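S.K.: Take this structure, written in structure tokens, and hold onto it; I'll ask about it next.
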Amino acid sequence: YQAVCDGFDTSDIMTFTTESELQLPNAGMEEWDTSGKAHLICAPGGELFWDSGNHGSSTMSKNVTQRASDVKHSGDYSAKLESQFVGVGMFGKFAAGNLFVGQYLATDGTDGVLGWGRPFASRPKALKVYVQYTPNAVSHRADDAPSEAPQKGAMDCGIVYVAIVDATIDDDKTYKGWPVIVKTKKSDRKLFNKNGDNVIAYGERVFTEATGGMIEVEIPLEYFKTDVKASNIVLTCSASRYGDYFTGGPSVMYVDDFELIY
């Protein structure tokens, strides 16, 4: 670029480089490792980018997030997120079918500790993903669930949301190095705050009824800060929106072919 004044005075020619149009690895949900008790969303021996609550639910011989071939947009597989009660008899908890960018860090009793966010230095304008959603009536509702969460017997709802965050690292003293630490234990609960100071951009889509098949969904990102560079991306899908509060019903969400739009 060059600045010109009245066609006579000109500045030196300078250059600049825009951010890369980054995409997400394994965005088509094709790579899975089903050799262990907990099914992983990566090639066998590969590096995790996505993760799920399978590490917790698999201790009761269930994977709430699985590879699926019956419903998909392209390729051989999609991810099937199936909310369900995980336990035996009265002992156990409701677990939402879920998928997120990050890593399942630990199980605290019957609760999970998750590290959310992966390095990501770009600023897309939207997320596109193919979703099939089938809600069911809420069968479990925690006593501390938010007032806006559906009551027992009402229809469950699902959610997909994405955020771009800055370089701030969560100040948790035990689990270090993650942009966001999520804890589901009632006495120590920490959840993602879309209005947090570290959030540069955010977008979500809430599903309140069945999609009637796999549909294309585009989620625009609203940018709150344009003078801060992107550092990490947070992306979460849940067949039960209030699964962090162990609230929901036996709803099922399939997701496939994530694409960031620039």
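The values are calculated or read from the model by the stated rules, or taken from the named source; none is laboratory data. All figures in this text were calculated on a predicted structure; none of them were measured in a lab. Note: ideal-geometry Cβ built from the backbone for every residue, glycine included; neighbour counts use all protein chains shown. For accessibility, only protein heavy atoms count, side chains too; no ligands or nucleic acids. Shrake-Rupley method; radii C 1.70, N 1.55, O 1.52, S 1.80 Å.
S.K.: Here are some conditions: (1) within 17 Å of the chain's Cα centre (by Cα); (2) farther than 23 Å from residue 138 by Cα; (3) surrounded by fewer than 20 Cβ atoms within 10 Å (Cβ to Cβ). Residue 203 meets all but one. Which one does it not meet?
M.R.: (3)
S.K.: Let me ask something additional. Counting just the residues of the stretch 51-67 that are over 18 Å from the mean Cα position of the chain (by Cα) and under 15 Å from residue 34 (Cβ atoms), which one comes out surrounded by the most Cβ atoms within 10 Å (Cβ to Cβ)?
M.R.: Selected residue: 62.
S.K.: Output the residue which, of all residues in the stretch 70-95 that are part of a strand (DSSP E or B) and of a type in the set (Lys, Arg), is surrounded by the most Cβ atoms within 10 Å (Cβ to Cβ).
M.R.: Per the criteria, the residue is 80.
S.K.: Looking at residue 257 and the list (1) surrounded by fewer than 23 Cβ atoms within 10 Å (Cβ to Cβ); (2) under 25 Å from residue 177 (Cα atoms); (3) acidic (Asp, Glu), which single condition is not satisfied?
M.R.: (2)
S.K.: Which one of the conditions (1) open to solvent by 70 Å² or more (accessible area, probe 1.4 Å); (2) more than 26 Å from residue 102 (Cα to Cα) does residue 7 fail to meet, given that it meets all the rest?
M.R.: The single condition residue 7 does not satisfy is (1).
S.K.: Starting from the stretch 135-157, take each residue that is in contact (Cβ under 8 Å) with a residue 40 or more places away in the chain and list its partners that are among the hydrophobic types (A, V, I, L, M, F, W, C) and open to solvent by 50 Å² or more (accessible area, probe 1.4 Å), counting only C-beta distances under 9 angstrom and pairs at least six apart or across chains.
M.R.: Here the result reads 135/155; 135/210; 136/155; 137/155; 138/155; 139/85; 140/85, each pair linking the stretch 135-157 to a residue that is among the hydrophobic types (A, V, I, L, M, F, W, C) and open to solvent by 50 Å² or more (accessible area, probe 1.4 Å).
S.K.: A further question on this structure: Looking only at residues that are in contact with a helix residue (DSSP H, G or I) (Cβ under 8 Å, 6 or more places away or on another chain) and either more than 26 Å from residue 131 (Cα to Cα) or among the polar types (S, T, N, Q) (or both) in the stretch 96-107, which one is most open to solvent (accessible area, probe 1.4 Å)?
M.R.: The qualifying residue most open to solvent (accessible area, probe 1.4 Å) is 107.
S.K.: Checking the condition closer than 16 Å to residue 237 by Cα and of a type in the set (Ser, Thr, Tyr), which residue from 83, 61 passes?
M.R.: One residue alone meets the criteria, 83.
S.K.: Sticking with this one: Residues of the stretch 146-174 being more than 13 Å from residue 249 (Cβ to Cβ) and either among the small types (Gly, Ala, Ser) or open to solvent by 60 Å² or more (accessible area, probe 1.4 Å) (or both), which ones?
M.R.: 147, 148, 163, 167, 168, 169, 171, 173, 174
S.K.: In addition: Just for strands (runs of 3 or more DSSP E) wholly inside the stretch 175-260: which have at least 1 residues that are under 21 Å from residue 53 (Cα atoms) and among the hydroxyl-bearing types (Ser, Thr, Tyr)?
M.R.: 232-238
S.K.: Quick one: would you say residue 110 is over 24 Å from residue 206 (Cα atoms), touching a helix residue (DSSP H, G or I) at 6+ places or on another chain (Cβ under 8 Å) and in contact (Cβ under 8 Å) with a residue 40 or more places away in the chain?
M.R.: In short, yes.
S.K.: Considering only the stretch 198-208, I want to know if a residue exists there that is under 18 Å from residue 24 (Cβ atoms) and of a type in the set (A, V, I, L, M).
M.R.: yes
S.K.: So which residues in the stretch 121-145 are open to solvent by less than 60 Å² (accessible area, probe 1.4 Å), under 15 Å from residue 223 (Cα atoms) and touching a strand residue (DSSP E or B) at 6+ places or on another chain (Cβ under 7 Å)?
M.R.: 124, 126, 127
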